[in-house]
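Peer 1: My questions will all concern the structure given below.
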Amino acid sequence: MSFETLTDKIVKVRKPHTCIWCGEEITDKARYRSYIYEGQFNSDYLHIECSDAMYRCDKDTMANEGFEPYDQQRGKSWEEVGHEMEYVEAKA
């Protein structure tokens, strides 16, 4: 897996964006990132607290598995929600 950061900075957004970590709307300050991943250019916005949470995640797991965009809890790393999450069986 190849990953190269091009831009990583805090910005004031001029229009609403969706946080790549939690999927909630960003209307104020955000972390903007642009990068090359697996040969493809990507860019995204994160809430400041979501960016901090992402960087607190286990680096080996993040490097090997990545994460599902828009599917995390705002401002929480995987380790912080791991003990709170439980499997709920779907009812038919």
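The values are calculated or read from the model by the stated rules, or taken from the named source; none is laboratory data. No experiment lies behind these values; they were computed from the predicted model shown. Every residue, glycine among them, receives a Cβ derived from its backbone with ideal geometry; neighbour counts consider all protein chains shown.
Peer 1: Considering only residues that are touching a strand residue (DSSP E or B) at 6+ places or on another chain (Cβ under 9 Å) and of a type in the set (A, V, I, L, M, F, W, C), look in the stretch 54-81 and name the one that is surrounded by the fewest Cβ atoms within 10 Å (Cβ to Cβ).
Peer 2: Across the stretch 54-81, the extreme among qualifying residues is ALA63.
Peer 1: Among residues belonging to the stretch 14-41 that are more than 18 Å from ASP71 (Cα to Cα) and among the polar types (S, T, N, Q), point out the one that is surrounded by the fewest Cβ atoms within 10 Å (Cβ to Cβ).
Peer 2: Among residues in the stretch 14-41 that are more than 18 Å from ASP71 (Cα to Cα) and among the polar types (S, T, N, Q), the one surrounded by the fewest Cβ atoms within 10 Å (Cβ to Cβ) is GLN40.
Peer 1: Assuming GLN72 fulfils every condition listed in (1) among the polar types (S, T, N, Q); (2) part of a strand (DSSP E or B); (3) touching a Cys at 6+ places or on another chain (Cβ under 8 Å) apart from one, which condition is it?
Peer 2: (2)
Peer 1: Only one of (1) in contact with a strand residue (DSSP E or B) (Cβ under 9 Å, 6 or more places away or on another chain); (2) on the phi < 0 side of the Ramachandran plot; (3) among the charged types (D, E, K, R); (4) touching a residue at least 24 places away in the same chain (Cβ under 8 Å) is not met by ARG31, so which one is it?
Peer 2: (4)
Peer 1: I've got another one for you. For the stretch 2-23, state whether one or more residues are part of a loop (DSSP other than H, G, I, E, B) and at pLDDT below 85.
Peer 2: Yes; the residues of the stretch 2-23 include at least one that is part of a loop (DSSP other than H, G, I, E, B) and at pLDDT below 85.
Peer 1: As an exercise: evaluate ASP60 against (1) assigned to a loop (DSSP other than H, G, I, E, B); (2) free of Cβ contacts under 8 Å to residues at least 12 places away in the same chain and give the number of the one condition it does not meet.
Peer 2: Looking at each condition in turn, ASP60 falls short on (1).
Peer 1: Whether any residue in the stretch 28-47 is part of a loop (DSSP other than H, G, I, E, B), of a type in the set (Phe, Trp, Tyr) and modelled with pLDDT under 95 is what I want to check.
Peer 2: Taking every residue of the stretch 28-47 in turn, none turns out to be part of a loop (DSSP other than H, G, I, E, B), of a type in the set (Phe, Trp, Tyr) and modelled with pLDDT under 95.
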